[in-house]
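The structure under discussion appears below in the form of structure tokens.
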Amino acid sequence: MEHISFEDSLRVLDSLEQGRLPGPEALASCIEACSPTSHDAGQPSPAESRLLLAELAARARAVATRHFGHRIYLRGLIEISNYCLRNCLYCGIRAGNTRTERYRLSPDEIYGCCEYGYDLGFRTFVLQGGEDPWFSDGRLCAIVRHIKYCWPDCAVTLSVGERSRDSYRHLKTAGADRFLLRHETADPGHYARLHPPAQTWRERVRCLCDLKACGYQTGAGFMVGSPWQNSGHLARDLAFLAELRPEMVGIGPFIPHDQTPFAAFPPGSVERTLAMIAMTRLILPSAMLPSTTALATAAENGRERGILAGANVVMPNLSPKEARRRYSLYNKKLSEGPECAGYLAELKDRLLAIGYEVVIDRGDYHDFG
């Protein structure tokens, strides 16, 4: 990868802001310039890199403000199960982690979380869990139908992994509005290093395409700083998003879990994560972009910095306290304080302090063109 100057990096940002995706080399070089992994001769100085990142965040923030004002949308996260058939090498609830304390919420417990959240002002419920076979199509469809019956003005988002197209169609018919399935990396070779052989990039893309075909507001996303990742991989992620055009994108730093094969790898950079959120905002101006729990875990003010880099969604946790503790995807995952729905007033105050307002709204995707 060739290094590019401060001025050439600004020209790449101009292209992104104008809706033109630069070539992969130029895009990768700009990512490196905004959030360098080293400071070699021929690339912007550390001070110039900080200026580039600030300029990128300011442009992304302006785009988000133009479309959404200073409104931040709530999603109530309900972590329904940490049982999982998959063995993703980075994940703390992977099937191979025999030390995980497993749990599964009952339908009544899920409904209780929804009732609690509705009274707080949540109008989207996100049912997230590992790929737990107990949640069959029949059971999950019944849960979705019940939520839509009891809280008809609310959206239901599912994040329950890879399923068949028929399964996605049944869940959509039952009333599910959205589905989150992060692609994790858009490089097939890199994907293979993060997952066991039975889990393939081709299958993950098949699922995302099926979700779009079924009519879901579809969410993709990726980790920043995962093992063996480089700026070229991140450029491919951005190109993939530009082609897929998902309605939602979740981006957070890689944080290792000490009971996984990746325990010894360093965490991803907060600054590089912010750069990727901001570039995604420029590429997908209308997208719903959360400032993720991983970002808030990685930096004390990570949530606010994500908003100031173009994010417009926060996802406080509605799960019971014990479930929040056991849903340990990575080390020291935040589950208390402003990450918990019970501290919603504190979250609102913190966002108000940077000029943003949490709104009571489903927060559906709208293509602003």
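Of everything in the range 113-131, what is out of contact with any strand residue (DSSP E or B) (no Cβ under 8 Å at 6 or more places or on another chain) and either over 18 Å from LEU74 (Cβ atoms) or outside the structural domain of PRO320 (by TED's automatic domain parsing) (or both)? Give them in sequence order.
GLU131
State yes or no: is SER38 surrounded by fewer than 22 Cβ atoms within 10 Å (Cβ to Cβ) and either within 19 Å of the chain's Cα centre (by Cα) or part of a helix (DSSP H, G or I) (or both)? Before you say what the answer is, go through the steps one by one.
Working: surrounded by fewer than 22 Cβ atoms within 10 Å (Cβ to Cβ): yes; either within 19 Å of the chain's Cα centre (by Cα) or part of a helix (DSSP H, G or I) (or both): no.
No; evaluated as a whole, the condition is false for this residue.
Take the range 279-319 and flag every residue that is surrounded by 23 or more Cβ atoms within 10 Å (Cβ to Cβ) and in contact with a His (Cβ under 9 Å, 6 or more places away or on another chain).
Once the filter is applied, which keeps residues that are surrounded by 23 or more Cβ atoms within 10 Å (Cβ to Cβ) and in contact with a His (Cβ under 9 Å, 6 or more places away or on another chain), the range 279-319 yields only ASN312.
For the range 146-174, give me each residue that is among the charged types (D, E, K, R) and under 16 Å from GLU115 (Cβ atoms).
Answer for the range 146-174, where residues must be among the charged types (D, E, K, R) and under 16 Å from GLU115 (Cβ atoms): LYS148, ASP153.
Limited to the range 238-269, what total is found for residues that are within 22 Å of MET288 (Cα to Cα) and without any contact (Cβ under 8 Å) to a residue 24 or more places away in the chain?
The qualifying residues number 1.
With the structure loaded, tell me whether GLU357 is closer than 14 Å to LEU74 by Cα, at pLDDT 95 or above and acidic (Asp, Glu) or whether it fails that test. Spell out how you get there, then give the answer.
On the way: closer than 14 Å to LEU74 by Cα: yes; at pLDDT 95 or above: yes; acidic (Asp, Glu): yes.
Judged against the criteria, GLU357 is a match.
I'm checking my understanding of the structure. Among residues of the range 168-186 that are of a type in the set (Ser, Thr, Tyr) and crowded, with 18+ Cβ neighbours inside 10 Å, which one is nearest to LEU289 (Cα to Cα)? Working first, answer last.
Initial filter on the range 168-186 (of a type in the set (Ser, Thr, Tyr)): 168, 173, 185.
Still in the running and crowded, with 18+ Cβ neighbours inside 10 Å: 168, 185.
Details: TYR168: 23, THR185: 17 Å.
Ranking the qualifying residues of the range 168-186, first place goes to THR185.
Can you name the condition, by its number, that TYR111 falls short on among (1) part of a helix (DSSP H, G or I); (2) in contact (Cβ under 8 Å) with a residue 60 or more places away in the chain; (3) of a type outside the set (A, V, I, L, M)?
Checking TYR111 against (1) part of a helix (DSSP H, G or I); (2) in contact (Cβ under 8 Å) with a residue 60 or more places away in the chain; (3) of a type outside the set (A, V, I, L, M), the one that fails is (2).
Does TRP201 satisfy being farther than 23 Å from SER136 by Cα, more than 19 Å from the chain's Cα centre (by Cα) and not assigned by TED's automatic domain parsing to the domain that holds ILE31? Spell out how you get there, then give the answer.
Details: farther than 23 Å from SER136 by Cα: yes; more than 19 Å from the chain's Cα centre (by Cα): no; not assigned by TED's automatic domain parsing to the domain that holds ILE31: yes.
Here the answer is no, as TRP201 does not meet what is asked.
Mind telling me which of the residues LEU51, LEU27, LEU13, LEU85 ends up being free of Cβ contacts under 8 Å to residues at least 60 places away in the same chain and outside any loop (DSSP other than H, G, I, E, B)?
Result of the check over LEU51, LEU27, LEU13, LEU85: LEU51.
Report, by residue number, each residue of the range 280-297 that is within 14 Å of the chain's Cα centre (by Cα) and assigned to a helix (DSSP H, G or I).
THR280, ARG281, THR293, ALA294, LEU295, ALA296, THR297
Considering each residue of the range 130-159, count those that are surrounded by 22 or more Cβ atoms within 10 Å (Cβ to Cβ) and among the polar types (S, T, N, Q), and give that number.
Counting residues in the range 130-159 that are surrounded by 22 or more Cβ atoms within 10 Å (Cβ to Cβ) and among the polar types (S, T, N, Q) gives 1.
Of the residues GLY232, GLY252, which single one is outside any loop (DSSP other than H, G, I, E, B), at pLDDT 95 or above and surrounded by fewer than 22 Cβ atoms within 10 Å (Cβ to Cβ)? Before you say what the answer is, go through the steps one by one.
Working: GLY252 fails: surrounded by fewer than 22 Cβ atoms within 10 Å (Cβ to Cβ).
Step by step, each of GLY232, GLY252 is checked, and only GLY232 is outside any loop (DSSP other than H, G, I, E, B), at pLDDT 95 or above and surrounded by fewer than 22 Cβ atoms within 10 Å (Cβ to Cβ).
Within the range 333-354, track down each residue that is assigned to a loop (DSSP other than H, G, I, E, B) and either modelled with pLDDT of 95 or more or more than 18 Å from the chain's Cα centre (by Cα) (or both). Full working, then the answer.
Of the range 333-354, the ones assigned to a loop (DSSP other than H, G, I, E, B) are 333-336, 353-354.
Residues satisfying the conditions are GLU336, ALA353, ILE354.
Please specify each residue of the range 96-121 satisfying the condition of being among the hydrophobic types (A, V, I, L, M, F, W, C) and modelled with pLDDT of 95 or more.
Result: LEU105, ILE110, CYS113, CYS114.
Name every residue in the range 114-138 that is assigned to a strand (DSSP E or B), out of contact with any Leu (no Cβ under 6 Å at 6 or more places or on another chain) and hydrophobic (A, V, I, L, M, F, W, C), in order of residue number.
Answer for the range 114-138, where residues must be assigned to a strand (DSSP E or B), out of contact with any Leu (no Cβ under 6 Å at 6 or more places or on another chain) and hydrophobic (A, V, I, L, M, F, W, C): just PHE125.
The values are calculated or read from the model by the stated rules, or taken from the named source; none is laboratory data. Everything numeric in this text was worked out from a predicted model, so none of it was measured. Neighbour counts are summed over all protein chains in view; Cβ atoms, including those assigned to glycine, are modelled from backbone coordinates with ideal geometry.
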